[in-house]
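The values are calculated or read from the model by the stated rules, or taken from the named source; none is laboratory data. Since we're looking at a predicted model, the values are computed, not measured. A quick note on method: Cβ atoms are made from the backbone with ideal geometry, for glycine too, and the neighbour counts reach across all protein chains shown. What goes into the accessible areas is simple: the full protein's heavy atoms, side chains included, and nothing from ligands, DNA or RNA. Shrake-Rupley method; radii C 1.70, N 1.55, O 1.52, S 1.80 Å.
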Amino acid sequence: MLFNSFTFFVFLIIFISGYWFLNRKIRLYLIFSSSLAFYGFWRVEFLSLILLSVLINYFSSLFFEKTQSKSKRKIVLLFSLLSNLGLLAFFKYYYFISENINFIFNIIGSEINIPYYNIILPLGISFYTFQSVSYTIDVFNKNIKAEKEFILFSNYVIFFPQLIAGPILRAKEIIWQLSERPKFKIEKMYGGIKRIVFGLFLKVVIADHLAPIVEQCFLVDSKYLSAIDIFTMSYLFGFQIYFDFSAYSHIAIGLAMLMGINFPENFNFPYHSKSPKEFWTRWHITLSSWVRDYVYLPMMNYKNLNNSEGGIGLSIYKNSISFNSIIILLITWMLMGIWHGAHWKFVAWGVSHALIITFYRLFDGMINLSRNRLIAFASWFFTLQLVMLSWIPFRAESSSHAFRLWGRLINNDNWFGLGFKENTYLIAFFITFIYLIYPYVVIAWDGYMKKNVLIKNIIEFICLFFIVTMVLIFFKVINQFIYFQF
Amino acid sequence: MSLKKEIKFKLPVLLLIPFFSWFFLHIFFVGDNQKFDQLALGEEVVKVTNYINNKPILCGSFAQLDKCLRYLKEKNFNKKILWIGNSQLNSVNQGNLDTTKTASHRASEYFYDKNIGLITFAAPNISFQEYSVIIDYLKKKIDFDIIILSLVFDDTREDGVRKSFLIKKEKNKNIQKTLQEISESKIILYLDKHIKWNDIRSAAQGKIYTFLYQSRNFVFNINPTSTRKFIKPIFDKNILSLEKILKKLKKENIKTILYVAPLRNDIKIPYSEIEYSYFKRHTKNLSTKYSSYFYNLENIVPGFLWGEKAGTKIGVDTEVDFMHFKEQGHAILGKNIITILNKLL
């Protein structure tokens, strides 16, 4: 079910009405059945896949709890991980893997051909697989206890606000909230509705309007484009994907608030980051925290932090930029890239971030980038350009298309030519400007209005009226969220 | 007031906001059927749909196009002609909706008596890429003898094909709709029936886009005489489409007439002279290459026959119009096209 649909609103009203009036047991069954209905409205047949994943992880974790034998525990862990990742690999990466193997066979002159199948990617598989895997590893490592109540564990995996595109939750943060009857708090209700409305505004008014402009930009033959054009299109896509995905997170967090549940934040003004390291503490925080805890830190021989906050902004590399640490960084980011999609262009995106971070580490070691305001400003400015340019492979048709587009940046015969319509540049500038000043305006406004509560409330309602009206005017059901494809 | 008390008051207000919003939209936009294109031109420019024997001969959408085709199909015309262009062909400055005759209407009437059918497709800011889509669609339905294409420099800045021009593919019955799609279409149908959901929203969208367009022009002081930028990639894409059309029509022995559309010439034109000359030269060369007929009609409508349109920036009521002219201008264009066609028939 799409959040930006009427069906969902009807569903939500019925669900919330039931949620607050039922006792614990029935409430848990309501969450379970509603989450299945939520997913089933897209494809009923893929429900069996989620339930299979739930069963594997539920029984594996119970086994870890009961068995002390290290070897048996390891075998079950291996089985559980292979099952989870195997399902993900089959549904998401089968075509990519077979295509590449066939390519290699072709090069070496072999006539073996792995057949291609048109496999439908089940929505949210990357998200619920990661969530299940983290639970199983945490129970195996005895970081958390296995949940014995099947319905409660199932709800952790299939809880509808986060089922399709996150945030990626950790068991220790969420299971107790699902289990305890949360106390009804009117502030949370109010805050939740505001988050949902704001999320819808970002999606239907901003991201959906940027989408066709970005599409037109990426359709232009790269030979016509100047460096200015490349920056413009990468900024536009950078904002499209940010508003689209953060909109989904706002709505998911708002929905959880309506149920009295706290979700971790997934975004925190990422384009205000003063370094690539900081960017990954502000962008898709729950994914980067997951990668930190289950990929990066284990490879670096550090202890899992076991929480979904903080992202991947650790300073453990200080004084130890070794070949080994660079390779681990590269592997981590390649995995991060391939998680987003079965395509080399996503690997290119991941590698570009690995390179950016490596260079940052080198520079940060040489000069303290936050030493003074001027250096901090320069550091923010260059980080923003690099992060935006790194979006190119994410949106390009292929990795070769991405390299062609990047290549235009160093084409010194056409740095300033304009290949798009005037409005494209205007919109890119306008949206960047509004986004960059927004947090400062909000902080200043809050400070200014501290004592004028009445005026603050009146203006808040005028803004909400404007936002709701815009949502009503531009509400379009057909548009999916970008992160559904991951 | 404590935060809890404050929220107790604010929550019901927040829940009522969508209803207030819809009430507001309903009051302002119910029954407002003006589309964005028409809003931009204002009341000064009349958009005409011409008829012969109660059948439309001038249309601007695929839905209308099928009705126009009926005009050609129901009478056994000796020859069939298609004329395609932008809003210049269906819009008249300071015209009268009931009595105004456009150039294409005059040509259709003239040739009707000679048992030759002529229909026109006109849409605002139509690109050559869209010409290609329309021609492909129409050729499957009717065998045309002559196709007339209007060439406007402005339109080479338009990229892509608008959604309404994309021909709906026949629905594949094997593809099952999801539960979401089924429920969603039922809810929207219900809302459309009871609260005019889509009508009110599209009217509001039109007003917002117009406001943004006017604000941009106000802030950057853009007016009709401001020079339009030549956009090389879009220009090349359009020229490529035009070339494909000419190549295909030549292969199928369909005569093609290209004409440079009339342009207001009593004030500075809104293009760079060099770029505009390049456009004319380039299209003429293409015409020669594919043996089509090329005419430059840019100066046939004198300055005094051009009128005004609604202002395109905040605070300006009317301004000069470079694209559309008065009815007498249509008479001149119609006469020229009739003369050109007579030579070919």
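Once the partner protein chains are put back, the range A:2-16 shows a loss of at least 30 square angstrom of accessible area, versus the chain by itself, at A:PHE6, A:THR7 (probe 1.4 Å, ligands and nucleic acids excluded). Segment A:ILE104..A:PHE21, full-extension length gain: 23.9 nm, with 0.36 nm per residue of separation and the alpha-carbon distance subtracted. Note on B:ASP236: accessible area is roughly 40 Å² with a 1.4 Å probe, heavy atoms of protein only. Which of rounded, prolate, oblate describes chain A, given a ≥ b ≥ c as roots of the alpha-carbon gyration tensor eigenvalues and a/c under 1.5 marking rounded, otherwise prolate only if a/b is larger than b/c? In terms of gyration-tensor shape, rounded. Residue by residue along A:465-474, Cβ atoms of other protein chains within 10 Å of the local Cβ number 6 on average.
Accessible area per residue was computed with a 1.4 Å probe on protein heavy atoms; B:MET323 scores about 30 Å².
When a/c reaches 1.5 or more, the comparison of a/b and b/c decides; with that in mind, is the range A:13-161 rounded, prolate or oblate per its Cα gyration tensor? Here the range A:13-161 falls in the oblate category. Accessible area of A:TYR242 (1.4 Å probe, protein heavy atoms only, ligands and nucleic acids ignored): about 20 Å². Note on surface exposure: B:ILE314, A:ILE241 rank B:ILE314, A:ILE241 by accessible area, highest first, 1.4 Å probe. Heavy atoms of chains A and B lose about 3900 Å² of accessible surface on contact, summed over both sides with a 1.4 Å probe. Residues of the range A:205-224 that lose at least 50 Å² of accessible area (1.4 Å probe, protein heavy atoms only) when the other protein chains are present, relative to their chain alone, are A:GLN216, A:TYR224.
Take every Cα pair under 8 Å whose residues are at least 6 apart in sequence, average their separation, divide by the length of chain B, and the relative contact order is 23 percent. Protein-only accessible surface at a 1.4 angstrom probe places the residues B:SER291, A:SER53 in the order B:SER291, A:SER53, largest first. Normalised by 2.2 N^0.38 Å, where N counts its residues, the alpha-carbon radius of gyration of the range A:132-206 equals 1.35.
In this structure chain A gives 44 Å² per residue of accessible area when probed at 1.4 Å with all protein chains present.
Straight-line cross-link reach from B:LYS55 at under 16 Å between alpha-carbon atoms covers these aspartates and glutamates, not counting any fewer than eight positions away in the same chain: B:ASP66, B:GLU74, B:ASP98, B:GLU109, B:ASP113. Annotation: average projected area of the range B:189-277 is 10.9 square nanometres, based on the convex hull of Cα atoms across all directions.
Summing charges over neighbours of B:GLU109, with a neighbour being any other residue whose Cβ is under 13 Å away from its Cβ, gives +4 when K and R count +1 and D and E count -1. Neighbouring Cβ atoms from other chains, within 10 Å of the Cβ of residues in B:178-188, number 6 on average.
Computed over the range A:206-338, the percent of Cα pairs more than 21 Å apart is 55. Long hydrophobic helices in chain B, taken as whole DSSP H segments with a C-alpha length of 30 Å or more on their own axis and mean Kyte-Doolittle hydropathy at least 1.0: B:3-29. The phi-based Karplus calculation (6.51 cos²θ - 1.76 cosθ + 1.60; θ = phi - 60°) puts the 3J(HN,Hα) values of the range A:432-439 at 5, 4, 4, 4, 5, 8, 3, x Hz, whole numbers, x for Gly and Pro. Heavy-atom accessible area with a 1.4 Å probe sorts A:MET334, A:MET470, largest first, into A:MET334, A:MET470. Using the Cα coordinates of chain B, the gyration tensor eigenvalues translate into equivalent-ellipsoid semi-axes of 40, 26, 20 Å, sorted from longest to shortest.
Each of A:SER71 and B:SER61 was given a label point 7 Å from its Cα along the Cα-to-Cβ line. The distance between the two points is 7.5 nm.
Loop-located trypsin sites (Lys or Arg not before Pro) in the range A:253-353 (DSSP state not H, G, I, E or B) with no more than 11 neighbouring Cβ atoms inside 10 Å: A:LYS303, A:LYS318. Sorted from longest to shortest, the spans of the Cα atoms of the range B:263-345 along the three principal axes equal 49, 30, 18 Å.
Remark: relative contact order (the range A:1-114) = 14 percent; criterion is Cα-Cα distance under 8 angstrom and separation of 6 or more residues. Among the protein heavy atoms of the protein assembly as shown, carbon and sulfur supply 63% of the accessible surface, probe 1.4 Å, non-protein parts ignored. Evaluated on the range A:233-290, the Kirkwood hydrodynamic radius is 12.2 Å, with distances taken between all distinct Cα atoms. Tell me the relative contact order for the range A:241-287 as a rounded percent, counting alpha carbon contacts under 8 Å between residues six or more apart. For the range A:241-287, the relative contact order is 29 percent.
When the alpha carbon gyration tensor of the protein assembly as shown is reduced to an equivalent ellipsoid, its three semi-axes come out at 55, 31, 28 angstrom, largest first. With the convex hull of the Cα atoms taken as the outline of the range B:243-290, the averaged projected area works out to 3.9 nm².
Shape of the range A:7-87 from its Cα gyration tensor (a ≥ b ≥ c, root eigenvalues): rounded if a/c is under 1.5, otherwise prolate when a/b > b/c, or oblate? Cα axes put the range A:7-87 in the oblate bin.
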